[in-house]
Every structure is written in structure tokens, then in C-alpha cells.
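K.L.:
This is the structure I have questions about; it appears just below.
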Amino acid sequence: MTCDFSRELEKQYSCKPEEANSFSESRPQPSTGVLLGRSSDHGDSVEIVDSVPLFHSQIGLLPPLEIALIMIEEFYGEKGLSIVGYFHANERYDDFEIAAVAKNIGDHITQYFPQAALLLLDNQKLEALPNGRDRSPVVQLYIKDASRSWKLVGSEGGNQLTIKEPSGNIVLLDYLASEKWKDIVDFDDHLDNISKDWLNSELFQ
Amino acid sequence: MVSKTEEEQVNRLESQVENGGGGEWEYLCLVRKLKLRRSYNVLKYGFSILNDPKKRSALGPEEWTLYEQVAVAAMDTQRLDMAKDYVKVLQEKFPESKRVGRLEALLLEAMGLWEEAEKAYSSLLEDNELDPVIHKRRVAMAKAQGNISGAIEWLNKYLEIFMADNDAWRELAEIYVSLQMYKQAAFCYEELILSQPTIPLYHLAYADVLYTLGGLENLHMAKKYYASTIDLTGGKHTRALFGICLSTSAIDQLTKGRNKDDKENSQLASLSATALGKDYKQRAPNKVSLLASTLKA
């Protein structure tokens, strides 16, 4: 399932609903992940096709990050995809700030992919999902503007985040209800036990 | 810190209870002894015991300990209604108790009433300045309110009194890392390694921080500590093996062949790579070729 966001002039980012799910709100630590995708042919939209959950602890440390990024690039490079963004979910429910660490990782990714996106999980929206019929994405999109700082993207204006699949949030709710998040393997889990697969290929068919 | 066998024991009991095989009380005692945080289950199983008058009276004086344990679990899972009930029971049984006083303050915390909780803790501290639990709650409250610098301040004050509390040093180190204050984090890990030199976790974390700090000297030290981690863990520690590969490669890049330790470096790197390759072959065979290309990069 891919979400497609289109826009005339600026970049658009598409997003898979599973990503928001991968980084569950139930983990009492921050959750992070990497977004994979590609630029469209005209270069006016970026499609996010997949994601890999990275870490849930000590995200400020370089070595596991470097290993993860290299491995993920190697794997997806063969499929014609590259790292196009970074996902972050804060530890605290009401924390809407992007940690310096997240910005640094985002900066690092923009060195290789200038239109990189930074997605921040909106914990409150995620929690409100079962109650409302909100179809908008439960993440906030940040991109780097001309002043090289990360700016939040609103619903009007240049960049937009859209979900291709309208029932994306319903799928997400379903995953939450079935507690699929308990089984997700992230890179931290893999490094602790390499028989655990960070591709989670069986989990999301 | 919990050992692997202890963790397995708890998990075994947990699945036993889940499958209707009984053992709730053993599970609750073990969780309490090991200070684990399994609040959903503690609440579920504890509630089932406390709600049944027969089971409750079978506990004897331990009943009150269970009330305390389940009250805390209720607060952790935001079941404040249940927490209030249990705290009330304890208040009626032990009206002047400091221990119950602490629980009341904890409840205020759980309800988000930070000022009241802070007042409660301060007054409890007046009577007992050296209560580590209260000091730690202060740190936790600061963290929960997003006041990280406050948390650091309280934690440092706590460590001035209780400098042997290794968990606190670890907590402080992790806070520093999250704020990218790597030098300070390194200091904490140095304290930890001094006090418990045979715990590989500290060597690994120290190495990670040194690598993140960067610079030739730090990279050399990082390499040393990755090596000691591998030493202490019998040679199979994935993160440490990767760490060796990363640090030797970074050192190579910085010294560009001017280094006379080059040979030793590349030997170390290839040993680690081989060890990783073997491990991946055994446990993650579908990733072996990916590992190979990763190590080359």
C-alpha cells in the first residue's frame, strides 16, 4: 500500500500507513525508523514505499545508527530504493518537539537525499483514532527549508503529506487492536539477537 | 539488572499464568523481588487475588504488600480509580505510615498533580532525608514533566549522596546521551566501569560514546573497549564486533596508512568480520550476503 501525495511544484511525500503503526505508542521509549522510497520521474514527488524500524533506546549513539544505515542502504539499493526520510516518535505523549538527535539524523540523511522528510508521530492524533473518523495522517511532516532548519509542513503551501490509501487509518487501527506492534522487530532487537529480522517480512503482507 | 535466567523464569511463569496454569502469587513475588515493570500483568493477576476474599485471607500479612504492589501497577497503567481504592485500604489499615505516605504522593504524581506531589515528597523528606526512593521520584517527576535539566540536577544531587547506585549512574548517562552531552555521559560510564569492571554492558556503552565523540584518541579507546566487551562476553557480542569494524575503519580513514598499528588494526577487523560472518551464517542465514556487503562499505 503506498500513499501518494502530489503537488504541483514542490515535493510531495507519500507514506505507508504501516509506518505509523510500526513505531507504536505503547513503547515507553522513543521509537525511530527510517523511510525508504524514491523520487518520482519528474522529481516533484517523493514516494515513501517502505520503512524499517530502527531503535527504541539510546538513539544518540553513532555506531548502531551507522551500521543500520549502511545495511539498509545496501539492501534497498538493490531494489532501486533509497533512504528518503526518518521517522521519530517521542517518549512523552505531549511532546511535539523534534529532539536534536532526530534533527541530526535528518541532517545526515539530507546529505544523501536532499529532499529528505522527517516524520514526527502525533501521539495525540494516534490516540484519538479509535474515537473519530479522521482520515488524515497521524504524523507531522517536517522538511528542510532554505534556512537549513526543519520546518513543519502545513496542509496548505508547498509541501504536502498525503496518504494514497484512504482507508490507511482503518488498517492502522486494526493493527493496533490486534497488538501487532508487540511483534515488530527493530534494529535494536536485531543487534541484540541477529536471528530476529528487521525486515518484518511476515508481519506485514 | 536482571540476569537472563531470572528473566526466563519470569517469562515462563507469565505464560503459565496466561494459559490458566496458576502461579499468580509466585509471579507477583518474583516481579516484586526483581523490581520488574510488568504492570499490566501485575494489575490483572493481583486484582484477581485481591478480589477473591478466600485468596486474600490466605495471604495473611502479605496481603498488604500485595495491595501496595497492585496499587503501583494500577498507577502505571493509568487505572487511577483502582489505585485510589487500594491506597485507601492501606491508609485505613496503616494510618500514620510513611510508606503509605509515599504511595499517596505517588498517586498525586500519577494524576499529574505535580505541585501537590512535590509538596508531599518534600515533607516526607523532612522526616527522612536519606530516603532514596523519594529522591528518585523527584527525578522521575522532572522527567515526566519534560524538565530534563531539572532531572539532571536532581540526579546529580542524588548521586552525591548515593554514589554507589549504579542504576542511577546509568540513568544519568542515558539522559546525557539523549541530549548529546557525550563527554558527561562518558564520565558516568567511567564511574560504572570503575565500580563494576566486569559488566560488559558498561564497556560497550562507553565504547559507543567514545566512538560518537570521535577523534583519533577516542576511536582507539573505543576499539579497546569493544575488545574488552568481546573478551567479557566470550567472543560473540554482535554490537561489539560491529563496533570493532566501525572503529578500525574510522581509524584507517583518519590515519590513511600513516599508522604503524595498521597491521594490527586490519587483523582485528578481519577477525571481527569473520566472527560476525560465522554468527550470521548460523542464526540469520538470509542476511549473510547483506552482511558481507555492509562490512565492505
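K.L.:
So what is the relative contact order for the stretch B:196-297, in percent, with contacts set as C-alpha pairs under 8 Å and at least six apart?
P.N.:
Details: 94 pairs, mean separation 22.5, N = 102.
Once divided by the residue count of the stretch B:196-297, the mean separation gives 22 percent.
K.L.:
Here is a further query. Can you give the helix-only mean residue ellipticity at 222 nm for the protein assembly as shown, where every DSSP H stretch with n ≥ 4 adds -39500 (n - 2.57) and the sum goes over all residues, rounded to the nearest 500 deg cm²/dmol?
P.N.:
On the way: 23 runs with 291 residues, N = 502.
Roughly -18000 deg cm²/dmol at 222 nm, from the helical runs in the protein assembly as shown.
K.L.:
A further question on this structure: Any lysines with Cα under 24 Å of the B:Lys157 Cα? List them, leaving off those in the same chain fewer than 8 positions away.
P.N.:
Cα-Cα hits under 24 Å: B:Lys35, B:Lys98, B:Lys119, B:Lys136, B:Lys143, B:Lys183.
K.L.:
If you don't mind, another one. Averaged across A:52-64, how many Cβ atoms of other chains sit within 10 Å of each residue's Cβ atom? Can you show the working numbers first?
P.N.:
Numbers: counts 0, 0, 0, 0, 0, 3, 8, 2, 12, 11, 11, 17, 5.
For this peptide, the per-residue mean of nearby foreign Cβ atoms is 5.
K.L.:
Just how large is the dipole of chain B about the Cα centre, in debye to the nearest 20, putting +1 at every Lys and Arg Cβ and -1 at every Asp and Glu Cβ?
P.N.:
1280 debye
K.L.:
If Rh is defined by the Kirkwood formula over all Cα pairs and Rg also comes from Cα, what ratio Rg/Rh do you get for chain B?
P.N.:
Numbers: Rg = 24.3 Å, Rh = 22.6 Å.
Ratio value, two decimals: 1.08.
K.L.:
Alpha carbon centre of the stretch B:62-141 versus the stretch B:262-297: separation in Å?
P.N.:
Here the two parts' Cα centres lie 51 Å apart.
K.L.:
Direction-averaged shadow area of the convex hull around the Cα atoms of the protein assembly as shown, nm²?
P.N.:
Working: hull surface 106.4 nm².
Here the figure is 26.6 nm², rounded to one decimal.
K.L.:
Here's something else I'd like to know. If the stretch B:138-178 were replaced by its equivalent ellipsoid, with semi-axes equal to the square roots of 5 times the Cα gyration tensor eigenvalues, what would those be, largest first, whole Å?
P.N.:
Numbers: eigenvalues 52, 26, 11 Å².
For the stretch B:138-178, the ellipsoid semi-axes come out as 16, 11, 7 Å.
K.L.:
To one decimal place, what Kirkwood hydrodynamic radius in Å is obtained for the stretch B:70-227 from all pairs of distinct Cα atoms?
P.N.:
On the way: mean 1/r = 0.0571 Å⁻¹.
Evaluated on the stretch B:70-227, it is 17.5 Å.
K.L.:
Over 26 Å between Cα atoms: which of B:Lys236/B:Lys263; B:Lys33/B:Lys223; B:Lys236/B:Lys256; B:Lys4/B:Lys236; A:Lys103/B:Lys296 fall into that group? Walk me through the numbers before you get to the answer.
P.N.:
On the way: B:Lys236/B:Lys263 23 Å; B:Lys33/B:Lys223 37 Å; B:Lys236/B:Lys256 29 Å; B:Lys4/B:Lys236 16 Å; A:Lys103/B:Lys296 28 Å.
With Cα atoms farther than 26 Å apart: B:Lys33/B:Lys223; B:Lys236/B:Lys256; A:Lys103/B:Lys296.
K.L.:
Using r as the Cβ-Cβ distance of A:Lys151 and A:Asp107, and R0 as 22 Å, what FRET efficiency do you calculate, to the nearest 0.05? Walk me through the numbers on the way to the answer.
P.N.:
Working: r = 14 Å, r/R0 = 0.62.
FRET efficiency, A:Lys151 to A:Asp107: 0.95.
K.L.:
Could I ask something else about it? Going by average Cβ density within 10 Å per residue, which order do the peptides B:85-98, B:188-201 take, highest to lowest? Please list the in-between numbers first.
P.N.:
On the way: B:85-98: 14.4, B:188-201: 16.4.
The peptides rank, most packed first, as B:188-201, B:85-98.
Throughout, read-outs are computed from the coordinates displayed, never taken from laboratory work. What you see is a predicted model, and the numbers here were worked out from it, not measured in a lab. In this analysis, Cβ positions are derived from the backbone assuming ideal geometry, glycine residues included, and neighbour counts consider all displayed protein chains.
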